[in-house]
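Read through the structure below, which is laid out as structure tokens, and then see the notes.
Computed from the coordinates by the stated procedures, all read-outs in this text should not be read as laboratory data. It should be emphasised that the depicted structure is a prediction, and the values quoted were computed from it without experimental measurement. Every residue, glycine as well, gets a Cβ built from its backbone with ideal geometry; the counts of neighbours run over all protein chains shown.
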Amino acid sequence: MILVDIWEGTDPGPEVERFCEMWGIEGTILLDPDASYAQQLGIRGVPTNVLVDSDGTVVDVGLVRIDELEAAVARLVDR
Amino acid sequence: MNDFPLGAACRVDTGVASVSVAEIPVGLDPEGVAVDSRRRRAYVACSRADYVAVVDLETNTVVAEVTVGSEPIDLAYDAETDRIFTADAHSDSVSVIDAETLELVATVPVGMYPSGLTADHASRRIYCGNSLGSTMSVLDLDTLETIATVEAEVGAGAIAFDPTRDLVVCVNFIAASATFVDTKTWEPVGRVDVGSGACAVGVVPERGDAFVVNSLAGTVSRVSLDDFTVQEELEVGRAPVGLTVAPARDRIYVSNRGAGTLSVLGVADRVQWAQLPVGEGPGGIAVDPADGRVYVANAGTGTLTVLEDRLAGAPAVPAVEERSPLIGEKLPAFSLVDFRTGEKRSSAEWAERKYIVNFFASW
């Protein structure tokens, strides 16, 4: 999973650091401070998950609830 | 308002369900919002800017910014004393602003990390949910004295009151529960487990219903105010975070932070009538009782959406989220800075892999 931080409004560094510490988040975190990449994808809210297949095709968008996400990931793995 | 860019992750075609009046830039991370009908103003707590934006609703512009404590999250307005109140999460206090002079007139200490605020104008009380203190502070609206500090549960935040049952409902985000408090004794009289991430609540006393927004579960729980049990779970949009009962009490509004929409739910049929597009990352909601206009604070865009809800009732066709036009398309390439290393990372690194891109914000 790649996390992309958007819409902080201020310097995202300290905010992301605090957030990751609070929730124990590890792994890749990318910064999209002006949300231009998110805008390109039409992202209108957070959190939003975008599932991508090995050929680069988007197979699902949204999926905030754990049960929905788990089911979508299972489908992606089985493809 | 309906002209979203191609590729919107969630767009709901609402036809004439709503009319966008304005989208007003207000400041960083706006959360709580209240309307001052007499002055034709809205007050918005901009939590990352540490001020209250004063919005003139005739010109749809911010006419003042009043500095309060650190990270004001929720906000209330009391017409009788003509005061604005903010719950300042990082200051452990409630700020009090004179709405005439727009000066800070008092700072009242409350519990740790206050994040919810609700004024009971008739009883002259204001309730504050202290998330890390796991308590609810009860303040006198006129004297600003602390009347009681009531034990709730961890993540105590949003609050609603039922004057017909002498009851206050405080929802607890981290505990995923609601605490019911008797307003005669200030003692908890019940609790109920709700969905995860409980963060907003509203009541319809004549039906005996409390509606609790569960942001992580993605639902709204309908809870009985008589026996404190969950009656059903209602469907709304992605990552719901805010809720307001319409003045006519025929519908509730729920802001969907993950979808950039506002759900309209019928109180009688408990059906989602529509999802109305608002700004990005919406949160706090207020309705002007004078004209029924709906105000939504959008944390993502830093704006206040003003809209007219034109729904007379449940539409013939129920609300359905539109499938994202991204699905089936190639993910656009990206090149973004890695928070940990400071180096640019491109989508080419993940080529031929299956992966998830999770867009998030820390607020």
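May I ask for the Rg/Rh ratio of the range B:157-235, computed from Cα atoms with Rh as the Kirkwood radius, given to two decimals?
My calculation of the ratio gives 0.94.
Per residue of B:338-348, count partner chain C-beta atoms within 10 Å of its C-beta, then hand back the mean as an integer.
3
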Given Cβ charges of +1 for Lys and Arg and -1 for Asp and Glu, the option among B:Thr59, B:Ser91, B:Ser134 whose Cα lies farthest towards the positive end of the dipole of the protein assembly as shown is B:Thr59
For the range B:39-136, the Debye formula with one identical point scatterer on each Cα and no solvent gives log10 I(q)/I(0) at q = 0.13, 0.16, 0.17 Å⁻¹ as -0.40, -0.60, -0.68
Along the dipole axis of chain B (charges at Cβ: +1 for Lys and Arg, -1 for Asp and Glu; origin at the Cα centre), the most positive-end residue among B:Gly279, B:Pro247, B:Leu326 is B:Leu326
Highest GNM mean-square fluctuation among B:Thr118, B:Thr101, B:Thr146, for chain B with Cα springs under 10 Å, belongs to B:Thr101
Scalar couplings 3J(HN,Hα) for the range B:358-363 by Karplus 6.51 cos²θ - 1.76 cosθ + 1.60 (θ = phi - 60°), nearest whole Hz, x for Gly and Pro, are 10, 8, 9, 9, 7, 7
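Find out how many positive minus negative residues lie around A:Ala74, taking Lys and Arg as positive, Asp and Glu as negative, among other residues whose Cβ is under 12 Å from that of A:Ala74.
Working: positive: A:Arg75, A:Arg79, B:Lys354; negative: A:Asp60, A:Asp67, A:Glu68, A:Glu70, A:Asp78.
Summing Lys/Arg as +1 and Asp/Glu as -1 gives -2.
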Here the range B:241-363 gives, from Cα atoms, an Rg and Dmax in Å of 18.8, 57
Taking placed amide H atoms and a strict 5 Å upper bound, the residues 5 or more places from B:Gln231 or on another chain that come that close are B:Arg222, B:Val223, B:Ser224
The long-range amide H neighbours of B:Arg345, using H built 1.01 Å from N in the peptide plane and a cut-off of under 5 Å, are B:Leu336, B:Val337, B:Asp338
Distance in Å, no decimals, from the C-alpha centre of the range B:148-178 to the one of the range B:302-329 is 31
Over the protein assembly as shown, the sum of -39500 (n - 2.57) across DSSP H runs of at least four, divided by residue number and rounded to 500 deg cm²/dmol, gives at 222 nm -2000 deg cm²/dmol
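Could you give the dipole magnitude of the protein assembly as shown about its Cα centre, charging the beta-carbon of Lys and Arg +1 and that of Asp and Glu -1, in debye to the nearest 20? Can you show the working numbers first?
Details: 33 positive and 68 negative charges, 173 e Å.
Rounded to the nearest 20 debye, it is 840 debye.
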Which residues qualify? For A:Thr28, with a placed amide H closer than 5 Å and at least 5 residues away or on another chain, they are A:Leu3
Quarter of the surface of the C-alpha convex hull for chain B, i.e. direction-averaged projected area in nm², equals 18.6
Phi-derived 3J(HN,Hα) across the range B:125-138 with the Karplus relation (6.51, -1.76, 1.60, θ = phi - 60°), rounded Hz, x for Gly and Pro, is 10, 10, 10, 10, x, 9, 4, 8, x, 6, 9, 10, 8, 10
So, for the Cα atoms of the protein assembly as shown, Rg and Dmax in Å stand at 21.1, 65
Distance in Å, no decimals, from the C-alpha centre of the range B:45-67 to the one of the range B:213-266 is 27
Rg (one decimal) and Dmax (whole number) from the Cα set of chain A, in Å, equal 13.7, 40
Cα-based Rg/(2.2 N^0.38 Å) for the range B:76-118, rounded to two decimals, is 1.11
Going residue by residue through the range B:312-328, the Karplus relation 6.51 cos²θ - 1.76 cosθ + 1.60 with θ = phi - 60° gives ³J(HN,Hα) values, rounded to whole Hz and with x marking Gly or Pro, of 7, x, 5, x, 4, 9, x, 5, 9, 5, 6, 5, 5, x, 6, 5, x
Taking a straight Cα-to-Cα line shorter than 22 Å from B:Lys354, and setting aside same-chain lysines fewer than 8 residues away, one finds B:Lys330, B:Lys344
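Taking the Cα centre as origin and putting +1 on Lys and Arg beta-carbons and -1 on Asp and Glu beta-carbons, what dipole magnitude results for the range B:321-363, to the nearest 20 debye? Please report the intermediate quantities before stating the final value.
Numbers: 7 positive and 7 negative charges, 27 e Å.
Dipole of the range B:321-363, to the nearest 20 debye: 120 debye.
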